[in-house]
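Data block below; observations after.
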């Protein structure tokens, strides 16, 4: 055995062994409890970055640890392969998106394999393959028949030069990313899934998930369940104007109404006055992103109409405002500028009244001072509210709701911020939506026998709209119901569609007769999911929704996809997130080529706990490599010494060796606890301490105690580190002749006897103040402990000639001498 550690050779040999023995093939049945460990699959962008390496290393450590607990572990890998980036890259390179995607998959698969991740590659899937997306098309046709999928007009970002719909991220400062043209907001037919039908269930079942609390909070906020009231304001010349509010206690503070530019009232007003029509048209939002709408200037125009306040009878101006959206609520609001900051800013800009109607308890100042510089948004006691003055929030809510309901002008209502999921995209590189449009029959789902609707792959894209709309060979078809000429849908699914069920397909990727089978029910839910917190809302929410859809279709019994979630921290360099735009990236491939995969894995795990940010350090990487070299050299030296040593004798340990064994088992005890808490960095620390303990021991000329101790210590150390650095530990396990392959070895068990110390150290206090320490035999009785404490020289100095009134012994901890 060469004393020099050759990472490239060791890792190649170990990976060859894994491949030859199908080491990570997950058994669908057999002994052991199932454990499904999954990391969020990557988009095949061309090369792994350090964020990928960290995410997948963490997942692999978790999976390998569970294997050593005797569980049947499924850890698959695949590719989230559809999407806009492939089209953009294809435009730049003049090639088909499919070619770019498949080339990237091949390259990134090789990189993942080089890192030694324990994936069952037999289950690999790519979402751009028809054998995968066929089944989401099949499910969509079922949802269409149930009414859970439907089509309606919806606003999109339209590039008038490229004649295409843009995603929000393709709109830069209001202009198309490629053409530079001012983006228009247009309404076109779009497909939706009725996720709102599951809003209550999606909200309620968050409580039972072992997920980070910030992630669950983000989902709760996105679903946004609000308890409030629907109120009706009569507008002479128009009729009732309905609004929803969560603050009926502020009703007396409403001083104006505001509607969206697309609201029927605004359209009615615009129809009679061209100048007003132009002003209202200018207020229509140009972009669809919520961020852009929230940060835009608050602008409006007075319609000239007046609404009647339902309680006071006062006339209130009705404005069209660009911050009111037709897609949310009723497309109209009652504006309470005293108690809503957005309404306050608009009122100040257009000199509209601001009336305070809520004040803090005990407030006795001028009410106008509460809203002089900003809206007062806290809850409190009602003022300026007629018979309801003095009521606190809930009492005011109930009283005003009861009054409004009695007068027939309002009713309690629950509303959600969540909106139905728009799943259609006017882009090429995606899964075709399985619908045929017939003038006689309307939208008709594609029959099962005609699935999948295949996406043509040998296609050139130029950015000027989807090429599918210019391909008669794709869109010309016949209606399956009436047989007449019809047109195939040319929209494709949102790529979240594919990532919302891939975890289930990993259980049965070879199935060609159904979407899922009993294997999915066996493996789901995923026991441990690993991925970035940037996916905390949409991906995780849609995956939860899809799981419920598949459950209700009778495909699985699970209601939730992921039992436990670990969101890993970002990889930073010089305090900033690694990114190409910042020029602070580190190439994983170069790192692996120089040091080996295990060094990369060890640094990533040791530098930070998984849920915290990881600060890149070149010195830290070099330090991780030095540790592995030390481990290899120590094992090689021990093996060479062992060839001439006598047989092991575990009963022949001297005092130093017993202390070293105690430290090794103490470290193992703590490391086993930390592993289960996902504190892998401290597990590495424990392994380093073990190696230090073994290295410090003098190597005897002869004597079996040392041999027994080091063999046990290395057996524990290699197993402890094997989930983190699987190549070197596998290689050393074989070199040292331990029984069987390391991959099948059980997790080491703490020997309680090893933790028992021959002597213990006790603190000695004199009248409550620490004055020294003593070492006594572990089994010493209280008389012996008292005598040792009183004999300690520094203790004697502080006791002096004073009589000892009492000696209190706290077993295993301290002695307090009271004088």
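Any read-out appearing in this document is the output of simple, stated calculations on the displayed coordinates, not a laboratory observation. Just so you know, these numbers come straight off a predicted model, no measurement behind them. Ideal geometry is used to build each Cβ from the backbone, glycine not excepted, and the neighbour counts take in all protein chains shown.
Determine the gain in length on full extension of the stretch residue 92-residue 406; use 0.36 nm per residue of separation and subtract their C-alpha separation, reporting nm with one decimal.
Full-extension gain reported as 106.5 nm.
By how many degrees, between 0 and 90 and to the nearest 10, does the Cα long axis of helix 680-696 differ from the longest principal axis of the chain?
Roughly 10 degrees between the two axes.
Just order 199-207, 530-538, 363-371 by mean Cβ neighbour count inside 10 Å, highest at the front, would you?
530-538, 199-207, 363-371
Can you sort 477, 196 from fewest to most other Cβ atoms within 10 Å of each residue's own Cβ?
Ascending Cβ contact count within 10 Å gives the list 196, 477.
Quick one: angle between helix 130-146 and the longest Cα principal axis of the chain, in degrees between 0 and 90, rounded to 10, please.
Rounded to the nearest ten degrees, it is 50.
Report the gain in length on full extension from residue 778 to residue 173: 0.36 nm times residue separation, minus Cα-Cα distance, nm rounded to one decimal.
The residue 778-residue 173 span can extend by a further 210.4 nm.
Which of the peptides 811-819, 797-805, 514-522, 61-69 is most tightly packed, and how do the rest follow, judged by the mean count of other Cβ atoms within 10 Å per residue?
The packing order, highest mean first, is 61-69, 514-522, 811-819, 797-805.
Subtracting the Cα-Cα distance from 0.36 nm times the residue separation, let me have the gained length for residue 590 to residue 797 in nm, one decimal.
Value of the extension gain: 68.1 nm.
For 527, 510, 28, which order do you get if you count the other beta carbons within 10 Å of each Cβ and list the fewest first?
Going from sparsest to densest Cβ surroundings: 510, 28, 527.
Round to the nearest 10 and give me the degree value, 0 to 90, for the angle of helix 50-68's Cα axis relative to the longest principal axis of the chain.
Compared with the principal axis, the helix lies near 60 degrees.
At residue 267 and residue 420, where each label point lies 7 Å from the Cα along Cα→Cβ, what is the point-to-point distance in nanometres?
Here the modelled spin labels are 1.7 nm apart.
How big is the gap, in Å, between the Cα center of the range 383-436 and the Cα center of the range 38-95?
About 40 Å separates the Cα centre of the range 383-436 from the one of the range 38-95.
Hey, with R₀ at 45 Å, roughly what FRET efficiency would residue 284 and residue 572 work out to, going by the Cβ-Cβ distance, to 0.05?
Rounded to the nearest 0.05, the efficiency is 0.60.
Once you keep just the Cα pairs under 8 angstrom separated by 6 or more residues, what percentage relative contact order results for the chain?
14
Which value in nm describes the separation of the simple spin-label points at residue 131 and residue 111, placed 7 Å from the Cα toward the beta carbon?
2.6
For the chain, what does the helix formula give at 222 nm: sum of -39500 (n - 2.57) over DSSP H segments with n ≥ 4, over the residue count, nearest 500 deg cm²/dmol?
-11500 deg cm²/dmol
Could you line up 33, 792 from fewest to most neighbouring Cβ atoms inside 10 Å?
33, 792
Calculate the FRET efficiency for residue 389 and residue 579 from the Cβ-Cβ distance with a Förster distance of 60 Å, rounded to the nearest 0.05.
0.60
Which FRET efficiency value, to the nearest 0.05, do you get for residue 761 and residue 161 by plugging their Cβ-Cβ distance into 1/(1 + (r/R0)^6) with R0 = 60 Å?
So, using R0 = 60 Å, E works out to roughly 0.15.
Counting DSSP beta bridges with both partners in the chain, what percentage is antiparallel, nearest 5?
If we restrict to bridges inside the chain, about 75 percent are antiparallel.
Label-point separation (nm) for residue 735 and residue 458, each offset 7 Å from Cα along Cα-to-Cβ?
With each label placed 7 Å out from Cα toward Cβ, I get 5.3 nm.
Rank by packing, highest mean first: peptides 374-381, 260-267, 43-50, with packing defined as the count of other Cβ atoms within 10 Å averaged across residues.
260-267, 43-50, 374-381
Would you please state which residues of the range 762-797 a label at residue 659 would reach in this model, taking the label point 7 Å out along Cα→Cβ and a backbone N cut-off of under 18 Å?
Residues passing the 18 Å test: 762-763, 773-779.
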